[in-house]
Every structure is written in C-alpha cells, then in structure tokens.
Amino acid sequence: MKILKKRYWFLPILIFMIGCEPEKEEPGILNSVYFPLEIGNFWIYEVDESIYYGENDFETNQYFYRDEITDQYVNEENDPVFLFKRQSSPDRNNWKNEQVFAYTFSRNRLIRTHDNLQEIVLVYPIGGDLEWDGNGLNNKFSENFFIENLGSYALKDRAYPHTVSVRQSDEDDRITIRDIRYDVYAINVGLIESYYEVYHYCSRNDCLGEQIIQNGRFTHLKLLSNGKL
C-alpha cells in the first residue's frame, strides 16, 4: 500500500510537468516577420530603371511591378517554399507576366531563389552588428551582407516605424566600378525598397577616371501599396 500511495503522489506532479512543457514548433511554420510569407499577399512597386549598353547608349524607363505569392510547396528539407509571380505594367491597369521567383524561411534565414540562384537576403535574430555571406548557398564569390540601419523609415510619404536596411554592397572607386545595392524591409509588410546601381566605367587610357559608363544597370523599387487577396 505504501508503494501505491507514493506512485499516486507522483502522478499529479508528472501530469503537471508534462502540461508545462513548451509546445514544439512544427517544421515549416516559422516565418519572417520582416517579410510575411503567405499565399495571397501582394506588393505593388514603382520602378525607375536605366540600362546602359555602351558609352552614351542607354535607355530609361518608369513602370510598375506587382508581386504576388501564388503558391506554396515543401522542399526536401521540409521548409515551405513560396512562389512569387511578378507582373509589370506601364500604368497599373494592364499587367503582363514577367517572371516567377521564390522565397523560403529556413534555419532563421530568408532565402530568395531566382534563376536557380539562391541568395540569403536576411538572417535572424536581427541585430545592428549582424553580417553574413549572402552567397553562402551558391557558387558565386563570397559577399558580406550587413545590417546598415534599424528603426523608422520614411518612403513615398509613408512612415514605417520598424524597419531593417540590408546593405549588399557599397563600392565606388570612381575609376572602374560603381556597385551600390541595398534592400529595406518593414515588419509585417515586407520589402519596401530595393536599390540596385551597378556600373562599369570606361577604363581606356583616354577615358580612365572620367566615370563614363561602359555598361550597367540602375533599378530602384519603391513600395506603393500592399495587401492580401
């Protein structure tokens, strides 16, 4: 009888301990608060773009992008992959399909896949001194991405109280190359700005140091609106 009493005395404690255990996260349900991934989410961007084909040979365009998460599947590592459909329009009325790319959130990393190339665009937990190799999942040369700014951010007459700016490159030797790239993400919104300016300057003896663009591209995306279908 004494043994039975001891067992019954221990049973409520055991039940209490089991009930207090933290619930385990199921694989694939984690998400990126700086880029909410859910089917139906969409973003509309204003785009300014200039493409340089040679010296004094370039074209400039202004148009709009509409990105929408249209589908989802689970990869071999049991991480959810979200498919984005990008459309373009000159007037936000007539849209045409441009491309499909993907994002996934795996091992505290926000990963973008485009043209079969994976790029680690953001890493958690977010911190001011955080750096990582953005090309850590592909065959390109190592490239340090880092958190440049945390906090409020104003864009297109709209204030975002909680954002993170990720700098991919800040290089300009004023002789051969200019490579300025960064993205800005807002909590519960996603990508609000993307800046890409990569030029190769003329390096011949007769034009060296004059910053004459030989080839390159400038593309600047600014968020106009976002929501969920």
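Some observations on this one:
- Taken over the range 212-228, the criterion of being open to solvent by less than 30 Å² (accessible area, probe 1.4 Å) and touching an Asp or Glu at 6+ places or on another chain (Cβ under 6 Å) is satisfied by THR219, HIS220.
- When the range 55-99 is limited to residues that are more than 24 Å from ILE111 (Cβ to Cβ) and aromatic (Phe, Trp, Tyr), the one that is surrounded by the most Cβ atoms within 10 Å (Cβ to Cβ) turns out to be PHE64.
- Subset of the range 139-167 (residues that are open to solvent by 20 Å² or more (accessible area, probe 1.4 Å) and among the small types (Gly, Ala, Ser)): SER142, GLY151, SER152, ALA154, ALA159
- Meets criteria (over 30 Å from VAL198 (Cβ atoms), in a loop (DSSP other than H, G, I, E, B) and at pLDDT 55 or above) for GLU26: no
- Positions within the range 111-138 being of a type in the set (D, E, K, R) and either open to solvent by less than 40 Å² (accessible area, probe 1.4 Å) or at pLDDT 95 or above (or both), in sequence order: ARG112, GLU119, GLU131, ASP133
- In the range 98-110, the condition of being under 16 Å from the mean Cα position of the chain (by Cα) and part of a loop (DSSP other than H, G, I, E, B) is met by at least one residue.
- Positions within the range 185-211 being assigned to a loop (DSSP other than H, G, I, E, B) and open to solvent by less than 50 Å² (accessible area, probe 1.4 Å), in sequence order: VAL189, CYS202, CYS207, GLY209
- Pair list, Cβ under 8 Å, 6 or more apart: the range 35-47 residue within 19 Å of PRO80 (Cβ to Cβ), other residue at pLDDT 95 or above and part of a loop (DSSP other than H, G, I, E, B): PRO36/ASN188; PRO36/VAL189
The values are calculated or read from the model by the stated rules, or taken from the named source; none is laboratory data. No experiment lies behind these values; they were computed from the predicted model shown. Cβ atoms come from the backbone with ideal geometry, glycine included; neighbour counts cover every protein chain shown. Surface areas here come from the heavy atoms of the whole protein model, side chains and all, with no ligands, DNA or RNA. Shrake-Rupley method; radii C 1.70, N 1.55, O 1.52, S 1.80 Å.
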